[in-house]
Each structure stands twice: as structure tokens, then as C-alpha cells.
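Notes follow the structure.
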Amino acid sequence: MAEQKVELFARRLDRGVQQAVHSNSAAGTEKRYTVLGKDYSAPDDLRRLAGQIRQHAIEHLDTYLEQAEQSLKRQGAHVHYAVTAEDACRAVSDILQKAGAKKVVKSKSMISEEIHLNDHLGSVGIESVETDLGEYIIQIDGDHPSHIVKPIIHKNRRDIAKSFEREGLGDYNDDPETITRRARVFMRDKYLQADAGITGANFVSAETGRLVLVTNEGNSRFCLAAPKIHIALVGIEKVIPSDAELAVLLNLLGRSATGQQLTVYTEFINGPARTDRPSGPQEMHVIFVDNQRSQILASDCREILRCIRCGACLNVCPVYRQASGHAYRSVYPGPVGAVLSPLLAGKNFKQLADLPKASSLCGACNEVCPVDIPIPDLLLKLRNRGHEEHAPSPGTPPMGAFAKLASSPMLWRFAMKSNKVMNLVPLEKLPLPYLQPWLKTRTLPEWRGGEFRSWMKDRRKK
Amino acid sequence: MSTARDQIFSSVRAALAPLPERTARPVFSKDVAEPHWLATEADSLTLFQKRAEATGTKCFTDMESCAAWLRSQGVRTVYIPAPLTRLAALCSEFCEVTSNYTRARVNEIDAAFTPAAGAIAESGSIILSDESTPDRLAALAPWHHIALVSRAEIHRTIADALAAMPDDPNLIWVTGPSKTADVEGILIQGVHGPGAQACLIV
Ligand code: SF4
């Protein structure tokens, strides 16, 4: 099979990183499997139900988005819309600048990664600190998350200790507990000094306007406990009909993501502080972001919009485990990313059109997906689309020379015969570095070029 | 010029218009996502205690043992809201007690009691609301947080709790201490929130 960019990345990947990603992903898959098996006799029925709930929601997005907007406004939140990533960034900085906010704390959200919010805020002079431990390390390293749920799955404690030392968070110490305590102390001041807290949302209930956020560290709670402004960036597809659906979705999200029945903190936000409930942020802004989602809804791959970002498909994927998240060259890695990233790229689809090919279509991603997304089908549809749009296929060798050879019977005959000399070439000595790892585990069959032709000839004679 | 809102709504409508039919809203019973072991479990209080302990939340049923635990943890300053005088008396034997939670003392106050709005037996979660816990920081910043859970307010299931959510700007279900496994998948407690989560059932 042709060499894809993802596979190439996998082969050059540091062994330690590969092992870390592999074992951590495998452990995630194992935990998910155990907890679902322990709690449910028919987990697949539940996944299918969750899939229907989400499919219903996105197929009625026109109704639910409008309803969510009204509910949010009724609760006292300001509702904004952003068509593109740039619009979304600008919406955030406009709100902050209008309020004179200079410092913000951020809770982990994939959509803010997607729109590159931190870069934008930095460029307009606003300090933005990631508060999730993993995301903070990504931020100080100028790195990118390599997993949806475990952003630093590719780093080890020594890498982190070095980064902390560099950032002035104490002398080198690679004990995970010490690292965590230092982050705790550092973040405390950041929370207390921040003018605004920025979060994402896991779900928004159209009926009640409740915004649901799940975390284990408690950082999102802090972002809503100390600052006076709350900005939530929400992809338009996050809307669900009502709170009742959460019974299904929350039960599957925690178990699929980390093998927990529920994540430690499940937070339901229903508007800003009120006179008799003054503790939270005084202002609440919800920015609904499209950024290609309505186009995906129009496409034959709309099922991907059901995704609740649990990361289970990454953990189970043999390609992800070998290649790690960075191989996917985009914010969303793994099987979900192989579908979502090229679609989110919009008119730059071709640049990521190789991602849907980085899969053996083994189907494991579909089997673990809590909302039953038929990822392999979507990958096939995108492969076709890549084909139709003549996206470059990075792994396929140029066919020019072969075409010439194949269209001239005389040349062909000559090549077939003369290639017998291949049998005498010591392949492992060929100066082709990229072939060597492949050849270590394989041998080529003996060259028997031309035999079919002579066999045909003999047959005709008879 | 059309607004961003108009643009988004018109592309969403345009995307959905050609669909020959749309997936109907699935009808499901409220208990559909209940774990199958739930039916055979004992009363909600016992179940809550069992599930809470399993997720790392310590459960106390009397003030004395709760105070003794805080003492053994070396707590120096505890926040106890005004009406809880007996608890305050017990704690004042070994540490400073304050009924005033201020930002200036966020790093000094290392334990806090706050009343919960309820609990969930199925998951062992504590429910906090802005009404029950008027200062969000008090339940989050100290290393030890002890929620006061009333027996009568324990919901049996997650679905029950969802159906009974009060009107409050913020509800939070707390299921164990704050934790992370970001560094090499190793579990560490007390990242930003409490490293020791407890509840006192009253
Ligand atoms: S596609 Fe499914 S399995 Fe993958 S992250 Fe999304 S919800 Fe989870």
C-alpha cells in the first residue's frame, strides 16, 4: 500500500513517545471496556440511542439553536454568533476590550484550539493562561495537544520538569505530585487576578439554556468562581433538546473518555450571577461558532457532528497508537480527526485529504464511539471526495515512467525479462533509507517477470 | 449586510432543507442509562456512602469523627458558615475557625464546610448550588472541603437529579477530589480544587 504522510510520521516518531502513546491509549480502551461491561448488559443499545439523540439534535439544529439562544437570553446571558474562526477570535477580544479586561484564564476547550484563540489574544495584548495542567504545559512549550482528552500523552515527566524549570516554577523536579502542586500554586494567583474566564461547553440544553461543562481538575469551576466575566465558546452542533438527554449522554461521556461513571466536576451553568446569588461572574457571554459546521451539516458526512469529544476512538485506533496525535497535522487527531479535520479545513480540504486514508478501516472506532458514528463509512466518502477533487496522494509514486513502460509492448517485454537481474541484487544494501525498515521484516518474492506472457503465448499456440 | 446570526441560520436551514426526512426525537425511559446493578442496591443513603467512598469522597455521619479527621490532617484554619455553632465549637479545640470567607484568605483557609443542595446515590456525587454554597471559592480553593449533605436530599439516580435541578445560576456535581492523570497517566489528587473531598451527612 502506498505510504501515507501519517505513516511516515509514525515511522520517524521517537520510540519513547510511541510507547507512551501506545500504552496510555491502550489503558484508556481497557478502562472504558471494563466499566461499560460492568455497568450495562447492552452498552451498544445505549450507544445507538445516544447516536439517535445527537443525530436528531443536529438534524433539527435550526430549531434547537434558536431555542437555545432564547433560553440563554432569558437567563441573562449575551448570545453572539461567529461564522469563521477569525470572527470568533474577534468576538472574544471585543468583549474583553470593551470590559477593559487584560488577563484571562482559560479552561480546556477544543474549539479554542481550533480557532487559535491564544495566539489572537496574545496579538492584541491580552494575557491568556491555560489552566488545565496538560494544556498549560502545551502552552508554555508552544506545542499542540496530541489527544482530545489527554493533551500531553506524548510527553514524559522529564520533559515537563524541564519546562517548569525553564518557566521559573522551581528547580528541576520530575515527581508528578510536585509538578501538580507547583501548578496549583501558580494557577491560584492567575485565577484570582483574572478579569475573565473562558470555557467551552460539552452540551447546551435548548429547553433550559443550561450549559454543561465536565472536568476532572476543577479548573473550569475556578474560571467561573474567581473572574467577573465568563465567555463560553460553543460549536453550534453542541446543542441538545433538553436536560433529560443528559442522562444518556453524561453516562456515556465519562465512561468513554476516562472510564469514570461521571467526571469529577459536572457543572450546569444557567446564566450570570443574580442579586441573591452573587458568587459567579457578573457577565456571561455565549459565542456560537460555525467555522464550517453548517457546511459539514450540508455534506454527506454530517454524522461526524454528533461527536462528543470523548477520545475513545483515538485510544482504540491502531494507526493513532503508532503515529500519535501530531501525525494528523491538525487540532483533532485520530479517527475523529481524520474525518473532521479535512472538513473543517473548508476550501483547503485538499491539504488534509490524505488523512482519511490513514486508516485500515478496521471499524474499531465505530464500535467504541458513544454516539455510534459510522467513522469508517465517512472515511470512505472522504477518500472518494479526495479522489474526485484530485487531491494529491502523497504516498503514491509518480506513475509517469510506469505508464510509458506499460504502453509500449516492446519496452515492457524487455523490462520484464531484464528485471530478473533483481533477483541477484542484495536489497538490504540498496542506498534507499526509507525502504530499509520495511525490508527488515519482509522479503521480495523471486522475480518471475514475463512468465505470464509466455504462458499466454503457449496457450494460444495449443 | 446580513449579520453573522442570519448567515449561520440560513446556512443551517439550507443544509437541512434537502433532507428527505429528519431523525425523530428518540423516546426513552428515564432509567435507560442506569447501571444494571442499581436495582439490587440497598437504600439510597447506604448506596450513596458506598459510591462516594468508591470515588474518593470520605463520608462522616457525626460531627465528632469529622472534626477528629480534620485534626489528624493538621488543618489550621477552617471556614464554617455562621449557623453551625456546635461544629465550630468542636473545631475551635484544635484550629482557628472563621465564618467569614474572603479572597484575601484564600490561601490560608485550608478547610471549609459548605451546605450541599443534595446528593446522588448512583454516582456518589455531592450537588452544590449557588444557593446552598453562596461562595463558590469556599468549596473549591481549600485543600479539604466538607459538604453538609442532608439525608432527605439524596437523589437515587442521575436521571432523578437531572429532573429535579433547581433554578440556580450554577449547579455542580462533585464526584470525588479534584484530580488529573495528565503526567504519564499517573493519578494525582488536588490539582486546582480540593485534594481531600468529604461529606458530613446530617
Ligand atoms: S468520534 Fe465518537 S469516539 Fe471519537 S471522540 Fe467523537 S464521540 Fe468519541
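Within the stretch A:94-107, none of the residues are closer than 12 Å to A:Ile287 by Cβ, acidic (Asp, Glu) and crowded, with 21+ Cβ neighbours inside 10 Å.
As for the stretch A:334-342, it holds at least one residue that is surrounded by 24 or more Cβ atoms within 10 Å (Cβ to Cβ), touching a residue at least 60 places away in the same chain (Cβ under 8 Å), more than 14 Å from chain B (Cβ to nearest Cβ) and near the ligand (Cβ under 9 Å from one of its atoms). Of the helices (runs of 4 or more DSSP H) that lie entirely inside the stretch B:55-166, those containing 2 or more residues that are within 9 Å of another protein chain (Cβ to nearest Cβ) and not aromatic (Phe, Trp, Tyr) span B:158-163.
One line per residue, one yes/no per condition, for (1) surrounded by fewer than 16 Cβ atoms within 10 Å (Cβ to Cβ); (2) under 24 Å from B:Thr180 (Cα atoms):
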{"site": "B:Gln49", "(1), (2)": "no, yes"}
{"site": "B:Ala52", "(1), (2)": "no, yes"}
{"site": "B:Ala68", "(1), (2)": "yes, no"}
{"site": "B:Arg71", "(1), (2)": "yes, no"}
{"site": "B:Tyr79", "(1), (2)": "no, no"}
{"site": "B:Leu87", "(1), (2)": "no, no"}
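Among the residues of the stretch A:287-302, at least one is touching a Gly at 6+ places or on another chain (Cβ under 9 Å) and either at pLDDT below 95 or of a type in the set (Phe, Trp, Tyr) (or both). Restricting to the stretch A:156-196, name every residue that is in contact (Cβ under 8 Å) with a residue 24 or more places away in the chain, crowded, with 17+ Cβ neighbours inside 10 Å and not hydrophobic (A, V, I, L, M, F, W, C). The answer is A:Ser163, A:Thr180, A:Lys190, A:Tyr191, A:Asp195.
Against the list (1) at the interface with chain B (Cβ under 8 Å from one of its Cβ atoms); (2) within 13 Å of the ligand (Cβ to nearest atom); (3) among the acidic types (Asp, Glu), the condition A:Asp290 fails is (2). The set of residues from the stretch A:176-206 being closer than 30 Å to A:Gln322 by Cα and more than 9 Å from chain B (Cβ to nearest Cβ) comprises A:Gly200, A:Asn202. Within this structure, B:Leu45 fails the test of being crowded, with 18+ Cβ neighbours inside 10 Å and over 30 Å from A:Thr84 (Cα atoms). Taken over the stretch A:304-318, the residue count meeting the criterion of being surrounded by fewer than 24 Cβ atoms within 10 Å (Cβ to Cβ) and either among the aromatic types (Phe, Trp, Tyr) or more than 9 Å from the ligand (Cβ to nearest atom) (or both) is 1.
With the condition kept exactly as written, say whether any residue in the stretch A:349-365 is out of contact with any strand residue (DSSP E or B) (no Cβ under 6 Å at 6 or more places or on another chain), polar (S, T, N, Q) and crowded, with 23+ Cβ neighbours inside 10 Å.
Step one: filter the stretch A:349-365 for residues out of contact with any strand residue (DSSP E or B) (no Cβ under 6 Å at 6 or more places or on another chain), giving A:349-365.
Now restrict to residues that are polar (S, T, N, Q): A:351, A:359-360.
Those still in the list that are crowded, with 23+ Cβ neighbours inside 10 Å too: A:359.
Scanning the stretch A:349-365, I find at least one residue that is out of contact with any strand residue (DSSP E or B) (no Cβ under 6 Å at 6 or more places or on another chain), polar (S, T, N, Q) and crowded, with 23+ Cβ neighbours inside 10 Å, so the answer is yes.
Residue-level check: of (1) over 24 Å from B:Lys179 (Cβ atoms); (2) outside any strand (DSSP E or B), A:Ile160 misses just (1). Filtered by the rule that a residue be within 14 Å of chain B (Cβ to nearest Cβ) and more than 12 Å from the ligand (Cβ to nearest atom), the stretch A:343-372 gives A:Leu343, A:Gly346. Among the residues that make up the stretch A:117-128, is at least one of them on the phi > 0 side of the Ramachandran plot and at pLDDT 95 or above? Yes: one or more hits.
Would you confirm whether or not the stretch A:211-230 contains a residue that is aromatic (Phe, Trp, Tyr) and more than 8 Å from chain B (Cβ to nearest Cβ)? No. Among the residues of the stretch A:140-171, those that are more than 16 Å from the ligand (Cβ to nearest atom) and within 12 Å of another protein chain (Cβ to nearest Cβ) comprise A:Ile152, A:His154, A:Lys155, A:Asn156, A:Arg157, A:Arg158, A:Asp159, A:Ile160, A:Ala161, A:Ser163, A:Phe164. Checking each residue in the stretch B:180-194 for being facing another protein chain (nearest Cβ under 7 Å) and without any contact (Cβ under 8 Å) to a residue 40 or more places away in the chain picks out B:Thr180, B:Asp182, B:Val183, B:Glu184, B:Gly185, B:Ile186, B:Ile188, B:Val191.
The values are calculated or read from the model by the stated rules, or taken from the named source; none is laboratory data. Every value quoted in this text rests on a predicted model; they were computed, and no experiment measured them. Cβ coordinates were reconstructed from backbone atoms using ideal geometry, including for glycine residues, and neighbour counts include every protein chain displayed.
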